[in-house]
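Enquirer: The structure's right below; bear with me while I get my questions together.
The values are calculated or read from the model by the stated rules, or taken from the named source; none is laboratory data. Since the structure is predicted, the reported quantities are computational estimates derived from the model, not experimental observations. Every residue, glycine among them, receives a Cβ derived from its backbone with ideal geometry; neighbour counts consider all protein chains shown. The area values use the complete protein model at the heavy-atom level, side chains included, leaving out ligands, DNA and RNA. Shrake-Rupley method; radii C 1.70, N 1.55, O 1.52, S 1.80 Å.
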Amino acid sequence: MTNNRPRRLKTLTGASSIISAGNDTSPVAGIKRAVELARKAEGEKITGLFTADLLHIDPAGLAGTAGIQEPIIALAALSQVTSHIGLIATVSTTFHYPYNLARQIGTLDHASGGRAGWNAVTSSVGEENFGETLPSPEERYERAAEFIEIVNALYDANERNAAERKASGAIGIDPAKFHPINYRGKHFKVDGPLNVPPLPQGRPVQFQAGQSEAGVTVGARYAEVVYTSQPKLEDAIAFAAELRRRATSFGRTAGLPFIMNSFHSVIGDSDADVARRLKEKHERIDYEQGRLKLADMLGGDLDLSDLPLDKPLPETLLPEVTSINRRRGRVEIFRRYAREGLTLRQLIIQAQETGHWSVAGTPEQLADAIEERFRAGILDVLSLHGFGNPDQEDRLVNGLLPELRRRSIIDTDYVGDDFRSNLELPPYVSANGALSPAKRLIQGAF
């Protein structure tokens, strides 16, 4: 990877579900479709495949397909039919354990030849499936910080030549080069060592999602890529400034963490075509179901069933953000929309994009919006929605992506041999037992 090449925007898209549905004609229909889309994304030089995850089935059907497969297993399958594209699994730090996660993601990195990443989330649902109550956001992020420290320490501790290939083809290990970490924290006690040999890319790429006060701090301190919902430019600018201010206070390398936005779009050939497509999209909305979805965006405890669609929400209905135990960042976005005077109908329309950045326009107009954030230095990674939807996919592949390439904003090919290199993150270095930042932190060196 060269260090003096012009900066490029990196792209992600969702990994399709490998699950076969009840009405599929073949029991392998799901994996075949997922493989086709993964290969198509790699053919377009998309930097990575991203998996969301939820730990329950939403009884109102609001979650879409997120959470109907286990991400690490799904990505392990897709790793065998791709060769360059990165593989990012979303993992709950509230309901998983760091040693198991380090083994799973470490094995995925080996299986994929160095293309693994993991997205640390603290979860806002699913506690009923683990026999627990949902801790406060502050407690969840406190646990997440320990979780990430342990995972990093486990990866850093083992020496690069701890495992070597014998002439017979078998793997031989030197136990003296697998080192314990002896971590003692409030939430976890982990001795180590990790029984997975050092990873092809050293550490998997660390993503983190969360934009509450505690979430921003964890992202600023540990993440290499922070996934955030910033639908408005001015909010995106403010978020980036605060995230990087905090990152600097933690002594992070300049430019880290990268900032990732999810990009929802309606793409048309002309202004009239865009207007037609938007109208049709809004006409397909089930506004009664939309009331439930909006209530979920506002914390989940609101009854919007009897409110008129074309009037604003009463101020008295809006929850205080600090009273919400789930996705406070999302609640803040929709509180702001409501206080701007959007009607219930308009809020339901916004809720279809779940608080993410959404733009309607021609490929050139969408590229203008993306380029504005990219050139401002507040957007490093863009997750594109639409692969798998034939019409939207065609407009991405034959409209938006070529326009971004024409402007030299995105890559025309992969630039490295592993995911870290293709994201053009600073090189990861942990040579033969040298203390990495995570190990020094655990041992109290700073």
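Enquirer: Using a 1.4 Å probe over the heavy atoms of the protein chains, calculate the carbon and sulfur portion of the accessible area of the chain as a whole percent. It would help to have the intermediate numbers written out before the result.
Expert: Working: 9990 of 19740 Å².
Here it works out to 51 percent.
Enquirer: At a 10 angstrom cut-off on C-beta neighbours, averaged per residue, how do the peptides 260-268, 413-421 rank from highest to lowest?
Expert: On the way: 260-268: 22.7, 413-421: 18.4.
For the peptides 260-268, 413-421, the packing ranking is 260-268, 413-421.
Enquirer: For the stretch 215-282 and the stretch 118-189, write down the distance between their C-alpha centroids in whole Å.
Expert: 28
Enquirer: A further question follows. What does the charge dipole of the chain about its Cα centre add up to, to the nearest 20 debye, if the Cβ of each Lys and Arg holds +1 and the Cβ of each Asp and Glu holds -1?
Expert: Numbers: 52 positive and 57 negative charges, 268 e Å.
Its charge dipole is roughly 1280 debye.
Enquirer: With each run of n ≥ 4 DSSP H residues scored as -39500 (n - 2.57), what mean residue ellipticity at 222 nm is computed for the chain after dividing by its residue count and rounding to the nearest 500 deg cm²/dmol?
Expert: Details: 15 runs with 167 residues, N = 446.
Helix-only estimate at 222 nm: -11500 deg cm²/dmol.
Enquirer: Antiparallel as a % of all DSSP beta bridges within the chain, to the nearest 5?
Expert: Working: 7 of 45 bridges.
Once the DSSP bridges in the chain are tallied, antiparallel ones form about 15 percent.
Enquirer: Also, I was wondering about something else. Using all Cα-Cα distances in the stretch 102-169, what percent lands in each 10 angstrom bin from 0 up to the longest?
Expert: 16, 36, 28, 14, 6, 1
Enquirer: Compute the long axis of helix 271-283 from its Cα atoms, compare it with the longest principal axis of the Cα atoms of the chain, and write down the angle in degrees, 0 to 90, nearest 10.
Expert: Approximately 90 degrees, to the nearest 10.
Enquirer: Sticking with this structure for a sec: Take peptides 387-394, 117-124 and line them up by average Cβ neighbours within 10 Å, highest first, as a rough protection proxy.
Expert: Ranking the peptides 387-394, 117-124 by packing returns 117-124, 387-394.
Enquirer: Which far-off residues, 5 or more places away or on another chain, put their amide H under 5 Å from the one on Arg115, with H placed in the peptide plane?
Expert: Distant-sequence amide H within range of Arg115: Phe419.
Enquirer: Now a separate question. Considering only Arg221, Arg103, Arg405, give the residue with the highest GNM mean-square fluctuation for the chain, with springs between Cα atoms whenever their separation is below 10 Å.
Expert: Looking only at Arg221, Arg103, Arg405, the largest GNM fluctuation is found for Arg405.
Enquirer: Moving on. Amide H neighbours of Ser383 under 5 Å, counting only residues 5+ apart in sequence or on other chains, H built in-plane at 1.01 Å?
Expert: Amide H neighbours of Ser383: Leu12, Asn261, Ser262, Phe263.
Enquirer: Something else: Once you put a point 7 Å from the Cα of Thr412 and another 7 Å from the Cα of His96, both along the Cβ direction, what distance in nm separates them?
Expert: Here the answer is 3.8 nm between the modelled labels.
Enquirer: So how tilted is helix 29-43 from the main axis of the chain? Cα-based, degrees 0 to 90, rounded to 10.
Expert: 80
Enquirer: Between Lys281 and Asp269, 0.36 nm times their residue separation minus their Cα-Cα distance comes to what? Please report the intermediate quantities before stating the final value.
Expert: Values: separation 12, 0.36 × 12 = 4.32 nm, distance 1.59 nm.
Value of the extension gain: 2.7 nm.
Enquirer: Can you give the Rg/Rh ratio of the chain, where Rg is from the C-alpha atoms and Rh is the Kirkwood radius?
Expert: For the chain, the value is 0.96.
Enquirer: Right, something else. Convex hull over the Cα atoms of the stretch 39-173, averaged projected area in nm²?
Expert: Numbers: hull surface 42.2 nm².
Computing the convex hull of the Cα atoms and averaging its projections yields 10.6 nm².
Enquirer: Then there's this: Mean-square fluctuation check for the chain, GNM, Cα pairs under 10 Å: which of Glu146, Glu283, Glu320 is largest?
Expert: The residue with the greatest mean-square fluctuation here is Glu283.
Enquirer: Could I ask something else about it? As an exercise, use a Förster radius of 35 Å and the Cβ-Cβ distance of Glu315 and Ala238 to find the FRET efficiency, rounded to the nearest 0.05. Before the final figure, lay out the partial values.
Expert: Numbers: r = 24 Å, r/R0 = 0.67.
According to the calculation, E is roughly 0.90.
Enquirer: Compute for the stretch 213-317: radius of gyration divided by Kirkwood radius, i.e. Rg/Rh, restricted to C-alpha atoms, rounded to two decimals. Provide the component values of the computation, followed by the final result.
Expert: Details: Rg = 19.0 Å, Rh = 17.2 Å.
My calculation puts Rg/Rh at 1.10.
Enquirer: Apply the Karplus parameterisation 6.51 cos²θ - 1.76 cosθ + 1.60, with θ equal to phi minus 60°, to every residue of the stretch 370-381 and state each ³J(HN,Hα) to the nearest whole Hz, in sequence, with x for glycine and proline.
Expert: Once θ is set to phi - 60°, the couplings for the stretch 370-381 become 5, 4, 4, 5, 4, 5, 6, x, 10, 8, 10, 9 Hz.
Enquirer: Mind checking the angle between helix 233-249 and the chain's longest principal axis? C-alpha axes, 0 to 90 degrees, to the nearest 10.
Expert: Approximately 20 degrees, to the nearest ten.
Enquirer: Here's a follow-up. Where both residues lie in the stretch 164-304, what percent of DSSP beta bridges are antiparallel, nearest 5?
Expert: So the antiparallel bridges in the stretch 164-304 amount to around 40 percent.
Enquirer: Please work out the average accessible area per residue across the stretch 137-231, using the 1.4 Å probe convention, and give it in Å².
Expert: Numbers: 3710 Å² over 95 residues.
Per residue, the stretch 137-231 has 39 Å² of solvent-accessible surface.
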